[in-house]
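**Student:** So that we are looking at the same thing, I have put the structure below in structure tokens.
The values are calculated or read from the model by the stated rules, or taken from the named source; none is laboratory data. The structure presented is a predicted model; accordingly, all values stated were derived computationally and were not measured. Glycine also receives a Cβ, built like all others from the backbone with ideal geometry; neighbour counts cover every protein chain displayed. Just so you know, the surface numbers come from the protein's heavy atoms only, side chains and all, with ligands and any DNA or RNA stripped out. Shrake-Rupley method; radii C 1.70, N 1.55, O 1.52, S 1.80 Å.
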Amino acid sequence: MTAAATTVLVLNGPNLGRLGSREPDVYGSQDLAALTTLLGDAAPEGFRIDVRQTDDEGELIGWLHEAVDARTPVILNPAAFTHYSYGLRDAAAMVTKAGLPLIEVHISNPHARETFRHNSVISGIATGVIAGLGFDSYRLALDYIVHTVA
Ligand code: DQA
């Protein structure tokens, strides 16, 4: 009998459903479907990637609760919520306090952009942060999770 696959939740916040057409000079020309394919191809045997996106803060928080209950590692691009959502921070803290990895990722480098993007309310409770590497930010986060969770 083969062991059940480890699911990795890849959660994306507001406006990331518009990847591909949204500010391609900042976020590139590839869409969320391309990200899903990239991560699916990068995932080794025994890992299953579950990519989700929402513009709704409550839904994103619910998915983090789900991660805690199902003991699922998380890659989180909180998008604009990064900069002000204490509700999301508290939910993300439940993930890392449960001993599960939660990697905060960004496609762009927020520190090289407008001042309001320089602060993340998530980073202080995240396992790690990867930013500015395009979709590779997610791929490297997956690589970390694969090597630490296995
Ligand atoms: C982002 C950076 C955020 O500042 C912005 O609000 C986003 C995307 C990124 O992936 O670069 O929506 O999280």
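**Student:** In the range 100-118, is there at least one residue being more than 15 Å from the ligand (Cβ to nearest atom), at pLDDT 95 or above and of a type in the set (V, I, T)?
**Tutor:** No, the range 100-118 contains no residue that is more than 15 Å from the ligand (Cβ to nearest atom), at pLDDT 95 or above and of a type in the set (V, I, T).
**Student:** Turning to a different aspect of this structure: Does any residue of the range 36-49 turn out to be open to solvent by 40 Å² or more (accessible area, probe 1.4 Å), touching a Leu at 6+ places or on another chain (Cβ under 7 Å) and of a type in the set (V, I, T)?
**Tutor:** no
**Student:** On to the next question. Could you tell me whether the range 12-20 includes any residue that is open to solvent by 60 Å² or more (accessible area, probe 1.4 Å), within 18 Å of A131 (Cα to Cα), within 14 Å of the ligand (Cβ to nearest atom) and modelled with pLDDT of 95 or more?
**Tutor:** Taking every residue of the range 12-20 in turn, at least one turns out to be open to solvent by 60 Å² or more (accessible area, probe 1.4 Å), within 18 Å of A131 (Cα to Cα), within 14 Å of the ligand (Cβ to nearest atom) and modelled with pLDDT of 95 or more.
**Student:** Does any residue of the range 125-143 turn out to be within 20 Å of A70 (Cβ to Cβ), assigned to a helix (DSSP H, G or I) and among the basic types (K, R)?
**Tutor:** So far as the range 125-143 goes, no, none of its residues is within 20 Å of A70 (Cβ to Cβ), assigned to a helix (DSSP H, G or I) and among the basic types (K, R).
**Student:** Could you grab me the full set of residues in the range 110-119 that are free of Cβ contacts under 8 Å to residues at least 24 places away in the same chain and not in a loop (DSSP other than H, G, I, E, B)?
**Tutor:** Of everything in the range 110-119, those that are free of Cβ contacts under 8 Å to residues at least 24 places away in the same chain and not in a loop (DSSP other than H, G, I, E, B) turn out to be H111, A112, T115.
**Student:** So, in the range 33-52, exactly how many residues are within 16 Å of the ligand (Cβ to nearest atom) and in contact with a strand residue (DSSP E or B) (Cβ under 6 Å, 6 or more places away or on another chain)?
**Tutor:** Result for the range 33-52: 4.
**Student:** Out of D143, D136, which single residue is away from the ligand (no atom under 13 Å from the Cβ), at pLDDT 95 or above and either of a type outside the set (F, W, Y) or in contact with a helix residue (DSSP H, G or I) (Cβ under 6 Å, 6 or more places away or on another chain) (or both)?
**Tutor:** Result: D143 is the single residue among D143, D136 that is away from the ligand (no atom under 13 Å from the Cβ), at pLDDT 95 or above and either of a type outside the set (F, W, Y) or in contact with a helix residue (DSSP H, G or I) (Cβ under 6 Å, 6 or more places away or on another chain) (or both).
**Student:** Answer yes or no as to whether Y86 is within 20 Å of G17 (Cα to Cα) and not hydrophobic (A, V, I, L, M, F, W, C).
**Tutor:** No.
**Student:** In addition: When A80 is evaluated against the numbered criteria (1) small (G, A, S); (2) within 10 Å of the ligand (Cβ to nearest atom); (3) open to solvent by 20 Å² or more (accessible area, probe 1.4 Å); (4) assigned to a loop (DSSP other than H, G, I, E, B), which criterion, by number, is the only one it fails?
**Tutor:** Going through the list (1) small (G, A, S); (2) within 10 Å of the ligand (Cβ to nearest atom); (3) open to solvent by 20 Å² or more (accessible area, probe 1.4 Å); (4) assigned to a loop (DSSP other than H, G, I, E, B), A80 breaks only (4).
**Student:** Moving to a separate point now. Name the one entry in I107, I130, I122, I145 that is of a type in the set (A, V, I, L, M), open to solvent by less than 40 Å² (accessible area, probe 1.4 Å), more than 16 Å from V8 (Cα to Cα) and in contact (Cβ under 8 Å) with a residue 60 or more places away in the chain.
**Tutor:** Answer to the check: I107.
**Student:** Looking only at the range 83-93, count how many residues are of a type in the set (G, A, S), open to solvent by less than 20 Å² (accessible area, probe 1.4 Å) and not in a loop (DSSP other than H, G, I, E, B).
**Tutor:** 3
**Student:** Now for a different question. Considering only the range 3-52, how many residues are under 19 Å from T72 (Cβ atoms) and not aliphatic (A, V, I, L, M)?
**Tutor:** Qualifying residue count for the region: 13.
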